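Working notes, structure below.
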Amino acid sequence: MAPLADADDFYSVLEVANRADLAAIKASYKRLAKLRHPDRNIGDAQATANFQLLQVAYSTLSDPSKRAAYDLQRSQTNAGSYATYGGAGPSTANSPGPQSSNRHAKQAHAATEKLNRELNDYRQARKSLSNNYAQEFELAAKARDALRGLDEQAKRDEREEAESQSWSTYLASFVDSAAAAADEQARVMRERRAIQRLHAREFRERDLARCEENLKSLSQRLADTTRRINATQLSISQLQREQKKEEARKPEEPSMEPRRQRDDSVREQMRREAEAFREMETMRRQEADQRRAKQREVEEERRRLKKEAEQQAEERVRSHRVAEEGRRLQRDAEERASKERIRAQRDAQERWRLQKEGEERVSTERSRVQRDAQERWRLQKEAEERASKERNRVQRAAEEGMRLQKAFEDRQRQEKAAEAGKRLQRAAEEIRHKRVSEEFSGATGRKQEASRQNSTAPREPDTIKSFQGGFGRALVAREEDFKTIWMFSKSHGRYVGDTLLPVAQKGKAICDVELICE
C-alpha cells in the first residue's frame, strides 16, 4: 500500500485514536457521516470525495483483518519516514533491503489475493441475494395478486347477496319455488366461499408479511454487500498502486547494510507485535465469534419461541376469527330466519287485519244500511205525522174557516135583516104617515074600498105559521101589500126563503115574530 499523507490517514479521517475500539469507531463514523454527507454540504465540491473517503476509512478500520493490514502498512510507512529523517540523505534512507522488499511484496500479494477472494465471495453473495430478492419479490407479487382476487370475489359475492336481498327476488321466491331453492343453494355456496376466503386471506397475508420482511432484510444485506464490495475494490486498487510504486523503486535502492539491519530489526519487532496483535485479535475475534454464536443460538431460540408463540397466537386469532365468522354466519342465518318469521307474522297479521277491516267495513256498511233504512222509516213516519198534522191543521183551518164564514154570513144576515127591518120600519113609518094623511084626506073612500076588499078576500087566522126546521126571525107588516117575511137560517148561515103570511088585522103596528122554518 502506498505511503499515506495526513489527509489519507484513516484514523485522522475518522478522528479517533490508533487504539480506538470498534464502538468508538462506529460512533465517530455515525457522527461524521451526518456532518459530511453530500446532501448537507451542497456548496462543497469535495463533499462527495470526503464522504467516500470516510466510508473507505470506516470499512477498513471496522474490519479487523483490514485494520491489521492497514496498521502494518502504516507502521512500515512511518518506519521509512523515520529512517529518512535520521539517516544520511533522502536518496538512500528510504529504501529497505532486497529481502525486506521481497517479503513486503509477498505480503502485499497475499493481501491482494485475500481481498480478491473476499471480493469474489461478496459478489457471489450479492448475486445470491439478488436472486433471493427477485424470488421474494415474485412471491410478494403473487400474494398481492391472490389478495386482490379474494377481494374481487368478495365484492362479487356481496353484489350477489345484495341482489338476492332485493324486493324482486323476494317476491319471485313466492312464485317460483325452484328459483327460491337455487337462491338458497347459492347463499350456502357464498357462505362456504367466505369461510374459504377467510382462511386463504390469513395464509396470503402471512406470506406477504414474511416476503416483505425478507425483502427488507435482503435489501439491507444487498446494500451492505455492495458497500463492502466497493471498499474491497478500493483496497485492492490501493494495494496495486503500492505494488507498482514498490516495483518502480527497486532499481534505485542502494545497499546500506547497517541501516537495513536496524530497519529489519525494527520491522521484525513490529512484525512480532503485529503477530501478537493478530493473535490477540484472533482470540478476541474467536471469543467474539463464540459469544456471537451463543447469542445467535439464544436469539434463534428466542426467535423460535417467539415464532411459535406468534404462530400459536395467530392460530388462536385464526380460530377466533373462524369462530367469529361462524357465529356471524349463524347470526346472519338466525337473523334471516327471524326476519322471515317476522315477515310471515306480519303477512299473517296484515291478512288478518285486512280480513278484519273487510268484516268491519261489511258490518259498518250493514249498520249504515240499517241506519239508513231506520232513518228513512223515521223520516217517512215523521213525514206521515207531519202530513197527518198538516191534514188536521188544514181540517181545523177549514173548520175554522167554515166557522168564520158562517159567523160572517150570520153577521151579514143579521146586518141584512137589521137593514131590512130598518127599511121596513121606515116603510112602515112612511106608510103610517101616508095613512094618517090619507085617513085625514079620504077616510070615507078608503073605508069603502077597505070594506069592499075585506069582503072579497078570504079570512086567515091571525096567527104565525110554524114550520119544521131551523130557528129564524120574521118581521111582519100589517099592510095588506107587504106580506113578505124574510127568514134566515141561524144554523146554516144562508138564506132559506120567504113565506107569504096573511095579515091578521089591518092597520096594526109592525111586530117581530120568531119563526121556525126550514
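The values are calculated or read from the model by the stated rules, or taken from the named source; none is laboratory data. Not measured: the values here are computed from a predicted model. A quick note on method: Cβ atoms are made from the backbone with ideal geometry, for glycine too, and the neighbour counts reach across all protein chains shown.
Quick check on this structure: which one of Glu419, Glu359, Glu429 is surrounded by 11 or more Cβ atoms within 10 Å (Cβ to Cβ), in a helix (DSSP H, G or I) and without any contact (Cβ under 8 Å) to a residue 60 or more places away in the chain?
Unique residue meeting the criteria: Glu429.
Can you pull out the residues in the range 136-166 that are among the polar types (S, T, N, Q) and part of a helix (DSSP H, G or I)?
Gln153, Ser164
Determine whether Lys356 is more than 30 Å from Glu202 (Cα to Cα) and either modelled with pLDDT of 70 or more or touching a helix residue (DSSP H, G or I) at 6+ places or on another chain (Cβ under 7 Å) (or both).
Criteria met by Lys356.
For a quick check of your reading of the model, give me the residue pairs whose first member lies in the range 132-160 and is without any contact (Cβ under 8 Å) to a residue 60 or more places away in the chain and farther than 19 Å from Ser219 by Cα, whose second is of a type outside the set (Ser, Thr, Tyr) and not in a helix (DSSP H, G or I), with beta-carbon atoms closer than 6 Å and at least 6 apart or on different chains.
none
Which one is nearest to Phe203 (Cα to Cα), of the residues in the range 324-353 that are surrounded by 11 or more Cβ atoms within 10 Å (Cβ to Cβ) and small (Gly, Ala, Ser)?
Among them, the one singled out is Gly326.
Going by what's in this entry, would Gln395 be described as in a helix (DSSP H, G or I) and surrounded by 11 or more Cβ atoms within 10 Å (Cβ to Cβ)?
Judged against the criteria, Gln395 is not a match.
Can you confirm whether Ala88 is buried (at least 17 other Cβ atoms within 10 Å of the Cβ), of a type in the set (A, V, I, L, M), over 30 Å from Asp39 (Cα atoms) and at pLDDT below 80?
Judged against the criteria, Ala88 is not a match.
Anything in the range 25-61 that is surrounded by fewer than 16 Cβ atoms within 10 Å (Cβ to Cβ) and touching a Leu at 6+ places or on another chain (Cβ under 9 Å)? List them, or say none.
Ala33, Asn41, Gln52
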